[in-house]
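The values are calculated or read from the model by the stated rules, or taken from the named source; none is laboratory data. What you are looking at is a predicted structure, and each value in this text was computed from that prediction instead of being measured. Neighbour counts are summed over all protein chains in view; Cβ atoms, including those assigned to glycine, are modelled from backbone coordinates with ideal geometry.
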């Protein structure tokens with residue numbers, strides 16, 4: 001089950017990587033604008049094991065944000081009950097990330113540990129607000145906190161106001177304890193469905209405002225549908241009720257994309273005809289067809305090749 005959620009988390013990070021910036025700002029109190037370069041690094045790390053084969057460890061994400069000072073980040077997504085193994089596993093990842101990217105100069109090894117955090121999809125009584133590393137070395141003791149983001153504590157208004165859009169696929173976790181009620185009570189289920197209708201409407205507005213692109217919106221909807229299907233598999237009415245809303249939105253999004261593509265091709269054919277006639281400037285053709293000046297210039301360039 002956890003693989004579905006891990007997969008959704010990795011997918012939204014890899015396919016819509018700019019969406020991680022507001023989350024990093026929230027967790028680490030950063031002030032990134034969203035224009036920074038983000039460079040992802042391999043998630044597979046092999047841990048050296050004495051007297052046995054090396055163990056492969058796959059992190060959820062390992063990347064650097066190139067702000068004024070480049071900073072390395074490692075963020076894990078967890079849906080299970082907190083236990084000491086998670087902290088150990090995190091440290092193994094961090095140490096291996098640091099070692100993989102370490103530098104040796106004149107017999108001096110320099111390793112940089114990443115800024116690490118955990119997103120907990122479910123919050124239990126045992127879920128702490130932070131974890132802590134205490135590393136005792138001959139040169140001194142190093143202590144620092146590993147912050148925890150509890151996804152269930154964020155309301156829809158929080159998510160949209162703070163642009164924490166990559167949390168939307170996991171928003172259904174905040175309703176998980178009420179699934180039995182929703183499944184047997186049509187009125188309560190309708191309220192949940194209405195909430196997801198609001199999510200779709202707010203995503204539409206963000207797309208219209210060009211805060212997110214059509215691809216980002218579609219990815220969020222698709223992953224939300226996948227997570228709902230998994231988490232509510234024992235509750236048919238919940239799965240079908242909310243799932244149908246998201247599936248319908250996907251169908252509509254695909255239809256709109258195809259329609260837009262067809263309209264854009266028509267505009268390009270018209271622009272090419274006008275360019276061949278040579279009676280209008282690039283700016284005039286752009287205004288008449290609805291294409292951008294750069295698109296018309298690109299078409300004009302293709303004609304001269």
Q. Applying the selection to the range 76-111, what residues are part of a strand (DSSP E or B) and either touching a residue at least 60 places away in the same chain (Cβ under 8 Å) or touching a helix residue (DSSP H, G or I) at 6+ places or on another chain (Cβ under 7 Å) (or both)?
A. 76, 77, 78
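Every residue, every condition in (1) within 30 Å of residue 111 (Cβ to Cβ); (2) in the same structural domain as residue 230 (by TED's automatic domain parsing), yes or no:
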position: 132; (1), (2): yes, no
position: 135; (1), (2): yes, no
position: 158; (1), (2): no, no
position: 163; (1), (2): no, no
position: 183; (1), (2): no, yes
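Yes/no per residue for (1) under 17 Å from residue 163 (Cβ atoms); (2) within 12 Å of the chain's Cα centre (by Cα):
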position: 207; (1), (2): yes, no
position: 216; (1), (2): yes, yes
position: 226; (1), (2): no, no
position: 229; (1), (2): no, no
position: 232; (1), (2): no, no
position: 235; (1), (2): no, no
position: 239; (1), (2): no, no
position: 242; (1), (2): no, no
(Q) Here is a check on your reading of the model: is residue 237 at pLDDT below 75 and either out of contact with any strand residue (DSSP E or B) (no Cβ under 9 Å at 6 or more places or on another chain) or surrounded by 15 or more Cβ atoms within 10 Å (Cβ to Cβ) (or both)? (A) no
